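The values are calculated or read from the model by the stated rules, or taken from the named source; none is laboratory data. It should be emphasised that the depicted structure is a prediction, and the values quoted were computed from it without experimental measurement. Every residue, glycine among them, receives a Cβ derived from its backbone with ideal geometry; neighbour counts consider all protein chains shown.
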Amino acid sequence: MTTNAIYTEQLTRDFGTVRAVADLTLAVPRGIVFGFLGRNGAGKTITIRLLLGLLEPTGGQATVLGHDTRTQADRIRAQTGALLEHDGLYERLSAQDNLEFFGRIYRLAADARQARIQELLTHFGLWERRTEPVKDFSKGMRQKLAVARALLHRPPLIFLDEPTSGLDPVASASLREDLATLVEHEGVTVFLNTHNLAEAEKLCNQVGIIRDGHLLTVGSPAELRTRYSHPRIEIVGQGFDEQVLQTLARHPAVAGVERRNGHLSLNLQPGIDDIAPLVSRIIGSGVAVEEVRKGTASLEEAFLQLMEEEPA
(Lines give C-alpha, C1' and ligand atoms only; values in the text may rest on other atoms or scores of the structure.)
Protein backbone atom coordinates (compact mmCIF):
# COMPACT_ATOMS: atom_id res chain seq x y z
CA MET A 1 0.00 0.00 0.00
CA THR A 2 1.34 3.41 -0.96
CA THR A 3 1.66 6.00 1.81
CA ASN A 4 0.01 8.64 -0.37
CA ALA A 5 -3.65 8.54 -1.34
CA ILE A 6 -2.89 10.91 -4.24
CA TYR A 7 0.34 11.66 -6.05
CA THR A 8 0.76 13.87 -9.09
CA GLU A 9 3.86 14.86 -11.03
CA GLN A 10 3.78 17.78 -13.47
CA LEU A 11 0.08 17.13 -14.08
CA THR A 12 -1.17 19.48 -16.80
CA ARG A 13 -4.43 20.04 -18.64
CA ASP A 14 -4.94 22.44 -21.53
CA PHE A 15 -8.16 23.51 -23.20
CA GLY A 16 -7.00 24.98 -26.47
CA THR A 17 -4.75 27.88 -25.57
CA VAL A 18 -5.91 27.93 -21.93
CA ARG A 19 -3.81 26.03 -19.38
CA ALA A 20 -6.34 25.08 -16.69
CA VAL A 21 -3.90 23.03 -14.58
CA ALA A 22 -0.18 23.73 -14.88
CA ASP A 23 2.58 21.29 -13.86
CA LEU A 24 0.81 20.21 -10.67
CA THR A 25 3.08 18.18 -8.39
CA LEU A 26 1.33 17.15 -5.19
CA ALA A 27 1.35 14.37 -2.58
CA VAL A 28 -1.68 13.85 -0.33
CA PRO A 29 -1.04 11.40 2.54
CA ARG A 30 -3.66 8.86 3.52
CA GLY A 31 -5.97 9.54 6.43
CA ILE A 32 -6.13 13.35 6.30
CA VAL A 33 -8.53 16.03 5.16
CA PHE A 34 -6.73 17.90 2.38
CA GLY A 35 -8.16 21.26 1.38
CA PHE A 36 -7.60 22.52 -2.15
CA LEU A 37 -8.16 26.27 -1.99
CA GLY A 38 -8.57 28.79 -4.75
CA ARG A 39 -10.87 31.29 -6.34
CA ASN A 40 -13.60 30.14 -8.69
CA GLY A 41 -11.96 29.16 -11.96
CA ALA A 42 -8.56 28.46 -10.36
CA GLY A 43 -8.49 24.84 -11.57
CA LYS A 44 -9.88 22.99 -8.54
CA THR A 45 -12.72 21.12 -10.25
CA ILE A 46 -10.58 20.28 -13.29
CA THR A 47 -8.03 18.74 -10.93
CA ILE A 48 -10.64 16.45 -9.37
CA ARG A 49 -11.81 15.37 -12.82
CA LEU A 50 -8.23 14.57 -13.78
CA LEU A 51 -7.75 12.55 -10.60
CA LEU A 52 -10.93 10.57 -11.23
CA GLY A 53 -9.86 9.83 -14.79
CA LEU A 54 -12.81 11.75 -16.21
CA LEU A 55 -10.39 13.95 -18.17
CA GLU A 56 -7.18 12.99 -19.94
CA PRO A 57 -4.18 15.06 -18.87
CA THR A 58 -2.31 17.00 -21.51
CA GLY A 59 0.94 16.16 -19.73
CA GLY A 60 2.36 14.69 -16.56
CA GLN A 61 0.96 11.82 -14.53
CA ALA A 62 -1.10 11.02 -11.46
CA THR A 63 -1.88 8.04 -9.27
CA VAL A 64 -4.85 7.70 -6.93
CA LEU A 65 -4.76 4.91 -4.32
CA GLY A 66 -1.81 3.55 -6.30
CA HIS A 67 -3.75 3.41 -9.60
CA ASP A 68 -2.74 5.33 -12.73
CA THR A 69 -5.40 7.82 -13.80
CA ARG A 70 -4.75 7.20 -17.50
CA THR A 71 -5.00 3.40 -17.51
CA GLN A 72 -6.85 2.44 -14.30
CA ALA A 73 -9.60 5.04 -14.04
CA ASP A 74 -12.32 2.41 -13.55
CA ARG A 75 -10.52 1.08 -10.47
CA ILE A 76 -10.11 4.60 -9.10
CA ARG A 77 -13.81 5.40 -9.47
CA ALA A 78 -14.80 2.06 -7.92
CA GLN A 79 -12.64 2.68 -4.86
CA THR A 80 -13.45 6.34 -4.26
CA GLY A 81 -16.52 8.42 -3.51
CA ALA A 82 -17.26 11.76 -5.08
CA LEU A 83 -19.60 14.70 -4.68
CA LEU A 84 -19.03 17.06 -7.61
CA GLU A 85 -21.10 19.97 -8.95
CA HIS A 86 -24.35 17.96 -8.97
CA ASP A 87 -25.49 15.84 -6.04
CA GLY A 88 -26.42 12.86 -8.25
CA LEU A 89 -29.66 12.16 -6.34
CA TYR A 90 -32.98 11.08 -7.81
CA GLU A 91 -35.59 13.57 -6.66
CA ARG A 92 -38.62 11.30 -6.91
CA LEU A 93 -37.00 8.61 -4.80
CA SER A 94 -36.84 8.71 -1.03
CA ALA A 95 -33.54 9.13 0.83
CA GLN A 96 -33.57 5.44 1.70
CA ASP A 97 -34.37 4.36 -1.86
CA ASN A 98 -31.61 6.57 -3.25
CA LEU A 99 -29.03 4.87 -1.07
CA GLU A 100 -30.57 1.47 -1.78
CA PHE A 101 -30.15 2.11 -5.51
CA PHE A 102 -26.51 3.14 -5.18
CA GLY A 103 -25.80 0.32 -2.74
CA ARG A 104 -26.95 -2.17 -5.36
CA ILE A 105 -24.71 -0.49 -7.96
CA TYR A 106 -21.78 -0.96 -5.58
CA ARG A 107 -22.88 -4.61 -5.15
CA LEU A 108 -23.15 -4.40 -1.40
CA ALA A 109 -24.70 -7.49 0.18
CA ALA A 110 -28.29 -6.96 1.30
CA ASP A 111 -27.64 -7.13 5.07
CA ALA A 112 -24.54 -4.94 4.86
CA ARG A 113 -26.37 -2.51 2.58
CA GLN A 114 -29.31 -2.04 4.92
CA ALA A 115 -27.06 -1.65 7.95
CA ARG A 116 -24.89 0.92 6.20
CA ILE A 117 -27.89 2.92 4.98
CA GLN A 118 -29.32 3.10 8.48
CA GLU A 119 -25.92 4.00 9.92
CA LEU A 120 -25.36 6.90 7.52
CA LEU A 121 -28.91 8.28 7.58
CA THR A 122 -28.87 8.18 11.38
CA HIS A 123 -25.49 9.91 11.54
CA PHE A 124 -26.64 12.70 9.23
CA GLY A 125 -29.95 13.15 11.07
CA LEU A 126 -32.04 11.89 8.13
CA TRP A 127 -33.31 8.55 9.43
CA GLU A 128 -36.70 9.94 10.52
CA ARG A 129 -37.11 11.47 7.03
CA ARG A 130 -35.89 8.39 5.16
CA THR A 131 -39.18 7.66 3.38
CA GLU A 132 -39.74 11.22 2.10
CA PRO A 133 -38.92 12.07 -1.53
CA VAL A 134 -35.69 13.98 -1.99
CA LYS A 135 -37.53 16.75 -3.87
CA ASP A 136 -38.99 17.83 -0.52
CA PHE A 137 -35.57 18.08 1.16
CA SER A 138 -33.81 21.34 1.93
CA LYS A 139 -30.49 22.12 0.26
CA GLY A 140 -28.65 21.18 3.44
CA MET A 141 -30.46 17.84 3.73
CA ARG A 142 -29.72 17.05 0.09
CA GLN A 143 -26.03 17.76 0.59
CA LYS A 144 -25.91 15.50 3.63
CA LEU A 145 -27.59 12.73 1.66
CA ALA A 146 -25.16 13.26 -1.22
CA VAL A 147 -22.19 12.92 1.14
CA ALA A 148 -23.79 9.76 2.54
CA ARG A 149 -24.03 8.45 -1.03
CA ALA A 150 -20.31 9.12 -1.55
CA LEU A 151 -19.46 7.25 1.68
CA LEU A 152 -21.90 4.37 1.20
CA HIS A 153 -19.41 1.74 -0.01
CA ARG A 154 -16.79 2.71 2.60
CA PRO A 155 -14.26 4.12 0.12
CA PRO A 156 -10.82 4.97 1.53
CA LEU A 157 -10.86 8.30 -0.37
CA ILE A 158 -13.64 10.77 -1.16
CA PHE A 159 -13.62 13.89 -3.32
CA LEU A 160 -15.86 16.77 -2.26
CA ASP A 161 -16.24 19.77 -4.56
CA GLU A 162 -17.60 22.79 -2.65
CA PRO A 163 -19.93 20.65 -0.48
CA THR A 164 -21.27 23.61 1.53
CA SER A 165 -21.76 25.95 -1.43
CA GLY A 166 -25.18 27.57 -1.27
CA LEU A 167 -25.89 26.43 2.28
CA ASP A 168 -26.82 28.80 5.08
CA PRO A 169 -24.35 29.12 7.97
CA VAL A 170 -26.25 26.69 10.23
CA ALA A 171 -26.49 24.01 7.54
CA SER A 172 -22.83 24.50 6.61
CA ALA A 173 -21.68 24.12 10.21
CA SER A 174 -23.84 21.02 10.65
CA LEU A 175 -22.45 19.36 7.52
CA ARG A 176 -18.85 20.20 8.53
CA GLU A 177 -19.39 18.70 11.98
CA ASP A 178 -20.97 15.54 10.55
CA LEU A 179 -18.16 15.16 8.03
CA ALA A 180 -15.39 15.68 10.60
CA THR A 181 -16.92 13.03 12.87
CA LEU A 182 -17.19 10.50 10.05
CA VAL A 183 -13.62 11.13 8.91
CA GLU A 184 -12.39 10.56 12.45
CA HIS A 185 -14.40 7.37 12.92
CA GLU A 186 -13.80 5.79 9.51
CA GLY A 187 -10.26 6.96 8.72
CA VAL A 188 -11.21 8.09 5.23
CA THR A 189 -9.01 10.50 3.25
CA VAL A 190 -10.86 13.59 2.01
CA PHE A 191 -9.84 15.79 -0.91
CA LEU A 192 -11.90 18.94 -0.35
CA ASN A 193 -12.25 21.66 -2.95
CA THR A 194 -13.36 24.91 -1.40
CA HIS A 195 -13.02 28.68 -1.47
CA ASN A 196 -14.46 28.85 2.05
CA LEU A 197 -11.35 29.59 4.08
CA ALA A 198 -13.05 29.30 7.46
CA GLU A 199 -14.25 25.85 6.44
CA ALA A 200 -10.74 24.81 5.43
CA GLU A 201 -9.25 26.14 8.65
CA LYS A 202 -11.67 24.10 10.76
CA LEU A 203 -11.61 20.86 8.77
CA CYS A 204 -8.26 20.44 7.04
CA ASN A 205 -5.00 18.90 8.23
CA GLN A 206 -3.23 20.22 5.13
CA VAL A 207 -4.16 22.71 2.44
CA GLY A 208 -2.85 23.56 -1.00
CA ILE A 209 -3.51 26.93 -2.61
CA ILE A 210 -3.97 27.12 -6.37
CA ARG A 211 -4.13 30.22 -8.56
CA ASP A 212 -4.73 30.20 -12.31
CA GLY A 213 -3.87 26.50 -12.46
CA HIS A 214 -0.57 26.86 -10.56
CA LEU A 215 -0.04 25.33 -7.12
CA LEU A 216 1.40 28.12 -4.96
CA THR A 217 2.02 26.38 -1.65
CA VAL A 218 1.14 23.40 0.55
CA GLY A 219 1.15 23.10 4.34
CA SER A 220 -0.99 22.92 7.44
CA PRO A 221 -3.23 25.95 8.11
CA ALA A 222 -0.95 26.90 11.02
CA GLU A 223 2.15 26.70 8.83
CA LEU A 224 0.61 28.88 6.15
CA ARG A 225 -0.57 31.44 8.69
CA THR A 226 2.98 31.67 10.00
CA ARG A 227 4.62 31.64 6.59
CA TYR A 228 2.44 34.10 4.70
CA SER A 229 0.93 36.48 7.22
CA HIS A 230 2.33 39.03 9.62
CA PRO A 231 2.66 38.37 13.38
CA ARG A 232 0.26 40.58 15.30
CA ILE A 233 -0.25 42.07 18.74
CA GLU A 234 -3.47 43.49 20.17
CA ILE A 235 -3.21 46.26 22.76
CA VAL A 236 -6.13 47.37 24.94
CA GLY A 237 -5.88 50.79 26.55
CA GLN A 238 -6.51 54.52 26.30
CA GLY A 239 -4.71 57.40 24.66
CA PHE A 240 -4.24 56.08 21.12
CA ASP A 241 -4.21 59.48 19.46
CA GLU A 242 -3.12 60.23 15.88
CA GLN A 243 0.40 61.15 16.93
CA VAL A 244 0.87 57.73 18.59
CA LEU A 245 -0.48 55.98 15.50
CA GLN A 246 1.84 57.90 13.19
CA THR A 247 4.85 57.19 15.40
CA LEU A 248 4.07 53.47 15.45
CA ALA A 249 3.46 53.35 11.70
CA ARG A 250 7.02 54.61 11.16
CA HIS A 251 8.55 52.06 13.51
CA PRO A 252 10.72 49.52 11.60
CA ALA A 253 9.12 46.56 13.42
CA VAL A 254 5.58 47.58 12.41
CA ALA A 255 3.96 46.64 9.11
CA GLY A 256 0.54 48.14 9.80
CA VAL A 257 -1.53 49.88 12.48
CA GLU A 258 -5.29 49.86 13.07
CA ARG A 259 -7.30 51.46 15.88
CA ARG A 260 -10.84 50.43 16.83
CA ASN A 261 -12.95 50.63 20.01
CA GLY A 262 -10.11 51.05 22.51
CA HIS A 263 -7.98 48.40 20.79
CA LEU A 264 -4.80 48.91 18.85
CA SER A 265 -3.93 46.20 16.37
CA LEU A 266 -0.34 46.09 15.12
CA ASN A 267 0.80 43.89 12.27
CA LEU A 268 4.51 43.24 12.78
CA GLN A 269 7.21 42.57 10.27
CA PRO A 270 8.08 38.87 9.74
CA GLY A 271 10.54 37.53 12.30
CA ILE A 272 9.62 39.98 15.07
CA ASP A 273 9.21 37.87 18.21
CA ASP A 274 10.36 40.18 21.02
CA ILE A 275 7.60 42.76 21.46
CA ALA A 276 8.81 44.19 24.80
CA PRO A 277 10.73 47.16 23.27
CA LEU A 278 7.72 48.08 21.16
CA VAL A 279 5.35 47.93 24.11
CA SER A 280 7.76 50.08 26.13
CA ARG A 281 7.76 52.64 23.31
CA ILE A 282 3.95 52.71 23.35
CA ILE A 283 3.81 53.21 27.13
CA GLY A 284 6.49 55.89 26.89
CA SER A 285 4.35 57.82 24.43
CA GLY A 286 1.68 58.28 27.10
CA VAL A 287 -0.69 55.43 26.30
CA ALA A 288 -2.43 53.81 29.31
CA VAL A 289 -1.93 50.13 28.43
CA GLU A 290 -4.39 47.72 30.09
CA GLU A 291 -3.66 44.50 28.22
CA VAL A 292 -1.27 43.19 25.57
CA ARG A 293 -1.83 39.92 23.75
CA LYS A 294 -0.34 38.27 20.72
CA GLY A 295 -2.90 37.83 18.00
CA THR A 296 -3.28 34.91 15.61
CA ALA A 297 -3.40 35.62 11.92
CA SER A 298 -6.09 33.87 9.91
CA LEU A 299 -5.74 31.54 6.96
CA GLU A 300 -7.70 34.16 5.02
CA GLU A 301 -4.89 36.68 5.48
CA ALA A 302 -2.33 34.19 4.21
CA PHE A 303 -4.56 33.34 1.26
CA LEU A 304 -5.13 36.97 0.32
CA GLN A 305 -1.41 37.72 0.49
CA LEU A 306 -0.71 34.85 -1.92
CA MET A 307 -3.44 36.07 -4.25
CA GLU A 308 -1.88 39.54 -4.31
CA GLU A 309 1.71 38.44 -4.93
CA GLU A 310 3.09 38.69 -8.43
CA PRO A 311 3.30 35.35 -10.25
CA ALA A 312 6.74 33.77 -10.18
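Of everything in region 85-104 that's assigned to a loop (DSSP other than H, G, I, E, B) and among the aliphatic types (A, V, I, L, M), which residue is modelled with the highest pLDDT?
Step by step, filter region 85-104, then rank; the result is Leu93.
For region 217-248, give me the residue count where each residue is surrounded by 19 or more Cβ atoms within 10 Å (Cβ to Cβ), within 30 Å of Arg39 (Cα to Cα) and touching a helix residue (DSSP H, G or I) at 6+ places or on another chain (Cβ under 7 Å).
The total comes to 5.
This table checks each residue for (1) in contact (Cβ under 8 Å) with a residue 12 or more places away in the chain; (2) out of contact with any helix residue (DSSP H, G or I) (no Cβ under 7 Å at 6 or more places or on another chain); (3) among the charged types (D, E, K, R).
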site: Gly38; (1), (2), (3): yes, no, no
site: Leu50; (1), (2), (3): yes, yes, no
site: Gly66; (1), (2), (3): yes, yes, no
site: Arg70; (1), (2), (3): yes, yes, yes
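Does region 105-117 include one or more residues that are under 29 Å from the mean Cα position of the chain (by Cα), among the β-branched types (Val, Ile, Thr), assigned by TED's automatic domain parsing to the domain that holds Ala173 and not in a loop (DSSP other than H, G, I, E, B)?
yes
So is Ala173 within 30 Å of Arg225 (Cβ to Cβ), part of a helix (DSSP H, G or I), aliphatic (A, V, I, L, M) and free of Cβ contacts under 8 Å to residues at least 12 places away in the same chain or not?
So Ala173 fits the description; yes.
If I go through region 163-196 residue by residue, how many of them are crowded, with 20+ Cβ neighbours inside 10 Å and modelled with pLDDT of 85 or more?
Selection size over region 163-196: 9.
Identify all residues within region 211-251 that are polar (S, T, N, Q) and at pLDDT below 85; write none if there are none.
Matches in region 211-251: Thr226, Ser229, Gln238, Gln243, Gln246, Thr247.
Within region 151-168, is there a residue that is in contact with a helix residue (DSSP H, G or I) (Cβ under 7 Å, 6 or more places away or on another chain) and part of a helix (DSSP H, G or I)?
Yes: one or more hits.
Which residues, counting only those in region 103-117, are more than 17 Å from Met141 (Cβ to Cβ) and not basic (Lys, Arg)?
Matches in region 103-117: Gly103, Ile105, Tyr106, Leu108, Ala109, Ala110, Asp111, Ala112, Gln114, Ala115.
Looking only at region 155-206, filter to residues that are hydroxyl-bearing (Ser, Thr, Tyr) and in contact with a Leu (Cβ under 7 Å, 6 or more places away or on another chain); which one of those is nearest to Gly140 (Cα to Cα)?
Keep residues of region 155-206 that are hydroxyl-bearing (Ser, Thr, Tyr), which gives 164-165, 172, 174, 181, 189, 194.
Narrowing further to those that are in contact with a Leu (Cβ under 7 Å, 6 or more places away or on another chain): 164, 189, 194.
Working: Thr164: 8, Thr189: 22, Thr194: 16 Å.
Only one residue tops the list, namely Thr164.
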